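Reading through the structure tokens given below for one structure.
The values are calculated or read from the model by the stated rules, or taken from the named source; none is laboratory data. Keep in mind that this is a model prediction, so the values were computed, not measured. All Cβ positions, glycine included, derive from the backbone under ideal geometry; neighbour counts span all protein chains shown. For accessibility, only protein heavy atoms count, side chains too; no ligands or nucleic acids. Shrake-Rupley method; radii C 1.70, N 1.55, O 1.52, S 1.80 Å.
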Amino acid sequence: MVGSIETMNVHQNGWSVHNGNGLEGKLGELRSLLGKADGDPLRIVGVGAGAWGSVFAALLQDSYGQFRDKVQIRIWRRPGRAVDRATAEHLFEVINSREDVLRRLIRRCAYLKYVEARLGDRTLYADEILKDGFCLNMIDTPLCPLKVVTNLQEAVWDADIVVNGVPSTETYEVFNEISHYWQERITMPIIISLAKGIEAALEPVAHIITPTQMINRAKIYNKEYANARICGADKWREPLAKFLRQPHFTVWDNSDLITHEVMGGLKNVYAIGAGMVAAITNESATSKSVYFAHCTSEMIFITHLLAEEPEKLAGPLLADTYVTLLKGRNAWYGQMLAKGELNRDMGDSISGKGMIQGVSAVKAFYEILSQPSLSVLHPDGKKPVAPVELCPILKTLYKILISRENSSQAILQALRDETLNDPRERIEIAQSHAFYRPSLLGQP
């Protein structure tokens with residue numbers, strides 16, 4: 001994904017404010033394309049309020065919220081998630097360290113509840129603080145105030161654009177529920193998905209399930225699908241990219257949806273390993289470069305199994321992969337595991353960080369690529385092997401995170417294996433053989 005949380009323009013003195021130059025024109029173009037009449041606002045709904053979903057909604061609110069008669073932006077999150085005492089105390093410190101935030105809360109008569117929560121006299125809830133611009137997964141970075149809805153039906157029933165911000169592990173469940181609310185609609189909304197990761201299905205044949213397919217299976221997909229980096233149907237891809245593009249948020253459009261969805265899952269997988277390598281080697285540039293060479297060759301190899309003509313790992317796609325391996329919640333998780341500050345028994349949903357999606361993606365990719373029916377020729381013995389046998393880093397991450405046979409130190413042992421093929425050879429194998437397996441996408 002291009003334009004990750006780390007690249008957002010969140011200034012030290014508050015969430016950035018834009019003037020209306022050019023924004024109203026872009027909004028008008030999108031409204032016209034959607035056939036919106038005067039007096040009928042464009043309704044944009046974010047579904048899911050993790051870090052990226054909240055930032056994305058705040059970005060739109062910050063830019064377009066000034067045109068209240070032309071656009072309405074709201075975000076749905078589940079109710080009832082309590083903020084623990086330690087987080088409430090830290091949030092109070094953040095508020096008082098930011099004069100602009102403090103003044104805003106006082107002006108909105110919302111400051112007292114944070115004082116009471118700091119003293120333990122009341123409980124705050126995640127949906128409650130999100131209205132004031134605080135995402136539970138990134139307390140240290142206040143956003144602009146948001147319109148928050150906790151009833152899913154109320155949030156989505158009349159939406160023109162729905163932004164999927166829930167993890168891939170929850171996408172089908174949420175959109176299956178949404179499909180019931182849209183049964184009487186004449187036209188379906190545009191769906192922009194921020195979800196990264198895949199799920200694995202082994203029956204009737206082994207295949208992956210991407211967020212696109214999850215939404216499709218919920219019977220609301222009509223080929224008008226976009227995914228940031230914006231991918232999908234030509235009719236919507238370019239107008240949406242133009243609508244979202246801002247000086248501090250670069251959006252490219254691309255037609256290759258499969259490669260970007262698969263890469264969205266793979267980069268989270270290998271970011272965990274990158275974090276481990278960084279922690280174990282004390283940020284050794286040489287070790288990280290060796291890891292980068294091997295993991296990107298595995299990513300290229302895997303995408304050639306899943307896409308007939310995958311986009312090359314270059315340009316924005318490579319830049320996004322590099323940033324994710326360098327910094328992000330999955331890389332952080334790998335670092336914390338390697339340092340012993342987290343352990344695998346704590347699960348993959350971490351307080352203050354949210355869902356570490358790379359963990360479930362490791363399991364999904366490993367299970368799919370272990371199927372004997374997908375055998376490829378090994379470059380040395382020329383014998384058929386399961387594709388995962390040519391992905392030693394993926395195998396090692398599975399043994400660390402899922403089967404728990406190895407410690408985090410095993411990631412370095414994988415890099416030092418003398419039998420490890422040159423990463424260039426793995427790429428050449430993928431590019432010179434007819435590797436594409438349509439069945440992996442559930443296709444005949």
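General remarks:
- Selection status of Ala364, among the hydrophobic types (A, V, I, L, M, F, W, C), touching an Asp or Glu at 6+ places or on another chain (Cβ under 9 Å), within 26 Å of Gly48 (Cβ to Cβ) and assigned to a helix (DSSP H, G or I): yes
- Residue list for the range 298-314, filter: open to solvent by 30 Å² or more (accessible area, probe 1.4 Å) and touching a Phe, Trp or Tyr at 6+ places or on another chain (Cβ under 8 Å): His304, Glu308
- Considering residues of the range 194-216 that are open to solvent by less than 60 Å² (accessible area, probe 1.4 Å) and part of a helix (DSSP H, G or I) only, the residue farthest from Lys363 (Cα to Cα): Ile215
- Filter result (farther than 19 Å from Ala159 by Cα and among the polar types (S, T, N, Q)) within the range 67-106: Thr87, Asn96, Ser97
- Those residues of the range 333-342 which are within 19 Å of Asn137 (Cα to Cα) and surrounded by fewer than 13 Cβ atoms within 10 Å (Cβ to Cβ), in sequence order: Glu341
- Boolean, Phe292 is over 26 Å from Leu60 (Cα atoms), over 17 Å from the mean Cα position of the chain (by Cα) and among the aromatic types (Phe, Trp, Tyr): yes
- The residue that is most open to solvent (accessible area, probe 1.4 Å), among those in the range 344-376 that are without any contact (Cβ under 8 Å) to a residue 24 or more places away in the chain and not small (Gly, Ala, Ser), is Asp345.
- The range 181-193, subset open to solvent by less than 10 Å² (accessible area, probe 1.4 Å) and not in a strand (DSSP E or B), residue farthest from Gly35 (Cα to Cα): Trp182
- Among the criteria (1) under 21 Å from Lys395 (Cβ atoms); (2) out of contact with any strand residue (DSSP E or B) (no Cβ under 9 Å at 6 or more places or on another chain); (3) small (Gly, Ala, Ser), the one Ala314 does not fulfil is (1).
- Of all residues in the range 377-391, those that are in contact (Cβ under 8 Å) with a residue 40 or more places away in the chain and open to solvent by less than 30 Å² (accessible area, probe 1.4 Å) total 3.
- Flag: Thr87 matches the condition of being assigned to a helix (DSSP H, G or I) and out of contact with any Gly (no Cβ under 6 Å at 6 or more places or on another chain).
- The range 392-429 - residue that is at pLDDT 90 or above and polar (S, T, N, Q) and, of those, most open to solvent (accessible area, probe 1.4 Å): Gln409
- Which numbered condition Glu311 fails, given (1) among the charged types (D, E, K, R); (2) modelled with pLDDT of 90 or more; (3) in contact with a Ser or Thr (Cβ under 9 Å, 6 or more places away or on another chain): (2)
- Restricting the range 134-180 to residues that are outside any loop (DSSP other than H, G, I, E, B) and of a type in the set (Gly, Ala, Ser) leaves a set whose member that is nearest to the chain's Cα centre (by Cα) is Ser168.
- Leu326 vs. criteria assigned by the TED database to the domain that holds Arg437, touching a helix residue (DSSP H, G or I) at 6+ places or on another chain (Cβ under 9 Å), surrounded by fewer than 17 Cβ atoms within 10 Å (Cβ to Cβ) and under 25 Å from Thr259 (Cβ atoms): yes
- Candidates Leu313, Leu342, Leu317, Leu374 - the one that is in the same structural domain as Asn406 (by the TED database), more than 19 Å from the chain's Cα centre (by Cα) and farther than 22 Å from Ala410 by Cβ: Leu374
- Of all residues making up the range 284-303, the number that are over 17 Å from Leu397 (Cα atoms) and in contact with a Pro (Cβ under 6 Å, 6 or more places away or on another chain): 1
- Qualifying residue in the range 105-122 (condition: acidic (Asp, Glu) and either in contact with a strand residue (DSSP E or B) (Cβ under 8 Å, 6 or more places away or on another chain) or free of Cβ contacts under 8 Å to residues at least 24 places away in the same chain (or both)): yes
- The lone exception for Glu93 - which of (1) surrounded by 14 or more Cβ atoms within 10 Å (Cβ to Cβ); (2) within 17 Å of Ser351 (Cβ to Cβ) it fails: (1)
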